[in-house]
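The values are calculated or read from the model by the stated rules, or taken from the named source; none is laboratory data. Everything quoted here is computed from the prediction, not taken from an experiment. Positions of Cβ are generated from backbone atoms using ideal geometry, with glycine treated the same way; all protein chains shown enter the neighbour counts.
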Amino acid sequence: MTQTTAAPRGSNMPASTGRRGDKIFSRVSTISGVLILVMLAGVTLFLVAEAWPAITADQAVLPDQKSLLEYTAPLIYGTVLAAILALLFAVPVSLGVALFISHFAPRRLAQGLGYAVDLLAAIPSVVYGLWGIFFLAPQVKPAYAWLADHLSFIPFFAGPASVTGRTILSVGLVLAVMILPIMTAICREVFLQTPRLHEEAALALGATRWEMIRMTVLPYGRSGIVSAAMLALGRALGETMAVALLLSVGGGVSLNLITNQNPSTIAANIALKFPESSGVLVNALIFTGLVLFVITFLVNFAARSFLARRSEFDGAN
């Protein structure tokens, strides 16, 4: 004779339904977590296996007859440089827009502006690339010429200025616009979660609106800001079409941001050269994809380490 657990008083649900549902949910969650790890390991093994022929190949059959290090280094530099420029432009603007929506704008205006920002994330990257070519690049040419004429003593603006405007700095601006909706949406939601009592306490003690935000909202949302920045950085590191369309590639490593001699990015280089490549050249491109995979992993690992160190001081925790 089997015993069953009585159902809760006033409930028509069978006694075993709750336990069965818990077991199913637990197993589905476990399988999902393991599946993610399996997929990650599968991608890693695929990239290593496909890149191995290029790693072991003779330098004479590699692209431009360069070693993999010489071939990949400018691409790594261009990828990281474009992503950092995008973050430098996007982080202050996204924080300002998020704070305006969450703490300054009237409710109706904030709601409409929030919808508009969210819609920007749905625009395809090829549209941003075309916008950069036909609108942004012609508009920034006079600014680049001014920088080359007046600030050429700074290595970033040494010139000569590009006559097309299709530089790594323009790519950084386009990527900043692309990652702006992601950062703004996350930061906005994080700022709205700040306890109302904390804000009212700061105002009651005589703090101004900005002092209240600096003392309560920003510290509370620090982990969310870092997470948003890392998510946006991942988008910028892996962006392909917008960079491939806009950037005028000249190769090499240079600090000059306004010249035609621009290093390409890993993703754009793969997109441009993969259709016409074969044999070991394909393996070399896959090797650069493996490098991008490792860079993205290291960035996310560094972000998680930072958040772990700051968690005990974060208001959200």
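Scan the stretch 231-267 for residues that are of a type in the set (Gly, Ala, Ser) and either over 27 Å from residue 44 (Cβ atoms) or in contact (Cβ under 8 Å) with a residue 60 or more places away in the chain (or both) and jot them down.
Applying the first criterion (of a type in the set (Gly, Ala, Ser)) to the stretch 231-267 yields 232, 234, 236, 238, 242, 244, 248, 250-252, 254, 264, 267.
Those that are of a type in the set (Gly, Ala, Ser) and either over 27 Å from residue 44 (Cβ atoms) or in contact (Cβ under 8 Å) with a residue 60 or more places away in the chain (or both): 232, 234, 236, 242, 244, 248, 250, 251, 252, 254, 264, 267.
Please go through (1) of a type outside the set (Lys, Arg); (2) surrounded by 15 or more Cβ atoms within 10 Å (Cβ to Cβ); (3) in contact (Cβ under 8 Å) with a residue 60 or more places away in the chain; (4) more than 30 Å from residue 256 (Cβ to Cβ) for residue 168 and return the number of the only condition it doesn't satisfy.
That leaves (4) as the condition not met.
Quick one: which of 124, 160, 106 is over 24 Å from the mean Cα position of the chain (by Cα), assigned by TED's automatic domain parsing to the domain that holds residue 257 and over 30 Å from residue 208 (Cβ atoms)? I'd like the intermediate steps shown before the answer.
Numbers: 124 fails: over 24 Å from the mean Cα position of the chain (by Cα); 106 fails: over 30 Å from residue 208 (Cβ atoms).
That would be 160, the only listed residue that is over 24 Å from the mean Cα position of the chain (by Cα), assigned by TED's automatic domain parsing to the domain that holds residue 257 and over 30 Å from residue 208 (Cβ atoms).
Does residue 48 fit the bill of being more than 24 Å from residue 253 (Cβ to Cβ), in the same structural domain as residue 250 (by TED's automatic domain parsing) and in a helix (DSSP H, G or I)? Reasoning before the result, please.
On the way: more than 24 Å from residue 253 (Cβ to Cβ): yes; in the same structural domain as residue 250 (by TED's automatic domain parsing): no; in a helix (DSSP H, G or I): yes.
Spelling it out, it is not the case that residue 48 is more than 24 Å from residue 253 (Cβ to Cβ), in the same structural domain as residue 250 (by TED's automatic domain parsing) and in a helix (DSSP H, G or I).
Report yes if some residue within the stretch 298-310 is at pLDDT 85 or above and either aliphatic (A, V, I, L, M) or in a helix (DSSP H, G or I) (or both); otherwise report no. Explain how you work it out, then say what you get.
Looking only at the stretch 298-310, we keep the residues that are at pLDDT 85 or above, and these are 298.
Remaining after also requiring either aliphatic (A, V, I, L, M) or in a helix (DSSP H, G or I) (or both): 298.
So far as the stretch 298-310 goes, yes, one or more of its residues are at pLDDT 85 or above and either aliphatic (A, V, I, L, M) or in a helix (DSSP H, G or I) (or both).
With the condition kept exactly as written, say whether any residue in the stretch 38-45 is surrounded by 11 or more Cβ atoms within 10 Å (Cβ to Cβ), in contact (Cβ under 8 Å) with a residue 60 or more places away in the chain and assigned by TED's automatic domain parsing to the domain that holds residue 254.
No, because not a single residue in the stretch 38-45 is surrounded by 11 or more Cβ atoms within 10 Å (Cβ to Cβ), in contact (Cβ under 8 Å) with a residue 60 or more places away in the chain and assigned by TED's automatic domain parsing to the domain that holds residue 254.
Before we move on, is residue 27 outside any helix (DSSP H, G or I) and either modelled with pLDDT under 90 or touching an Asp or Glu at 6+ places or on another chain (Cβ under 7 Å) (or both)?
Values: outside any helix (DSSP H, G or I): no; either modelled with pLDDT under 90 or touching an Asp or Glu at 6+ places or on another chain (Cβ under 7 Å) (or both): yes.
No: the conditions fail for residue 27.
Among the numbered criteria (1) within 22 Å of the chain's Cα centre (by Cα); (2) surrounded by fewer than 21 Cβ atoms within 10 Å (Cβ to Cβ); (3) closer than 22 Å to residue 132 by Cβ, which single criterion is violated by residue 305?
With respect to (1) within 22 Å of the chain's Cα centre (by Cα); (2) surrounded by fewer than 21 Cβ atoms within 10 Å (Cβ to Cβ); (3) closer than 22 Å to residue 132 by Cβ, residue 305 is out only on (3).
Just one of 42, 78 is more than 30 Å from residue 194 (Cβ to Cβ) and touching a Pro at 6+ places or on another chain (Cβ under 7 Å); which is it?
Working: 42 fails: touching a Pro at 6+ places or on another chain (Cβ under 7 Å).
From the options 42, 78, the qualifying one is 78.
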